[in-house]
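Colleague: Before I ask anything, here is the structure I am working with.
The values are calculated or read from the model by the stated rules, or taken from the named source; none is laboratory data. Small disclaimer: the values here were computed from a predicted structure and weren't measured. Every residue, glycine among them, receives a Cβ derived from its backbone with ideal geometry; neighbour counts consider all protein chains shown. Quick note on the areas: whole protein, heavy atoms, side chains included, nothing else; ligands and nucleic acids left out. Shrake-Rupley method; radii C 1.70, N 1.55, O 1.52, S 1.80 Å.
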Amino acid sequence: GWAIIIITVIFNLVLLPTRIWTMKSSLKMMRIQPRLDGIKKKYANLKINDPKRAEMQAEQMAIMKEEGVNMYGGCLPMLLQMPLFFAYYRVLLNAVELRQAHWFWLADLSMPDPLHLLPILIIGTMFLVQFITPSPGMDPAQRRMMAIMMPAIMGFTLWHFASGLALYWITGNIINLIM
């Protein structure tokens, strides 16, 4: 259990520069979002295939270029993180060392949490992470729904997964809350 926590902390420290890059990009995008929304309202009555849509996109790109915002700035770091995440996920899912490994109330880290504390903690910490993470351009109602639905889906998905994997997820959520 402690090894999972330590590796997760190291894993998150290695990925910290990409996380900072993503946050900076999101904050820049939030700053220019009202101007982008104004352009969308200006061209709101156009159909999808209208040639004037190119003008709208050109105006939006000009604002982004003027402010130094890359519209892919939040996605590119995620592309770097995903292979590492999937590799770590597969290791935790198939690690023989987790079988019969005790950690506090967990008698076996390769089995689901018998008290269901870890899935509940996943839901709680993920809700907090979703709630404090900036979401530029997202409708407030949609943001609230995502802040409730995503943690619930992930928590119930991990309900029957190995405790070691749930421990990794909670540790990552707590690190996200701290950073």
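Colleague: Return the carbon/sulfur percentage of the accessible area of the chain, one whole number, probe 1.4 Å, all protein chains in place.
Modeller: That fraction is 71 percent.
Colleague: Something else about it: According to a simple spin-label model (label point 7 Å from Cα along Cα-to-Cβ), what is the distance in nm between residue 42 and residue 72?
Modeller: Using points 7 Å along Cα→Cβ, the separation is 2.6 nm.
Colleague: A further question on this structure: When a/c reaches 1.5 or more, the comparison of a/b and b/c decides; with that in mind, is the range 63-162 rounded, prolate or oblate per its Cα gyration tensor?
Modeller: Oblate is the answer for the range 63-162, as a/c is 1.5 or above yet b/c matches or exceeds a/b.
Colleague: If you take the beta carbon distance between residue 117 and residue 96 as r and set R0 to 30 Å, what does 1/(1 + (r/R0)^6) give as a FRET efficiency, to the nearest 0.05?
Modeller: Here the calculated transfer efficiency is 0.75.
Colleague: Right, next: Between residue 33 and residue 86, what FRET efficiency comes out of the Förster formula 1/(1 + (r/R0)^6) with R0 = 35 Å and r the beta carbon distance, rounded to 0.05?
Modeller: Result of the calculation: an efficiency of 0.65.
Colleague: Taking the simple approach of a point 7 Å from Cα along Cα-to-Cβ for both residue 131 and residue 65, what is their distance in nm?
Modeller: For residue 131 paired with residue 65, the spin-label model returns 4.2 nm.
Colleague: Given the protein chains as shown and a 1.4 Å probe, how many square angstrom of residue 157 are accessible, to the nearest 10?
Modeller: Rounded to the nearest 10, the figure is 70 Å².
Colleague: Another question, then. Please work out the average accessible area per residue across the range 48-179, using the 1.4 Å probe convention, and give it in Å².
Modeller: Ligands and nucleic acids excluded, the result is 62 Å² per residue.
Colleague: Continuing with the same structure: If you work out P(r) over Cα pairs in 10 Å bins from 0, in percent from the coordinates, which of (1) 11, 42, 38, 9, 0; (2) 10, 37, 33, 13, 5, 2, 0; (3) 9, 28, 29, 17, 11, 5, 0 do you get?
Modeller: This structure yields the entry labelled (3).
Colleague: Something else: Considering only lysines 8 or more places apart in sequence, or on different chains, count the pairs in the chain whose C-alpha atoms sit under 23 Å apart.
Modeller: Summing the qualifying lysine pairs gives 12.
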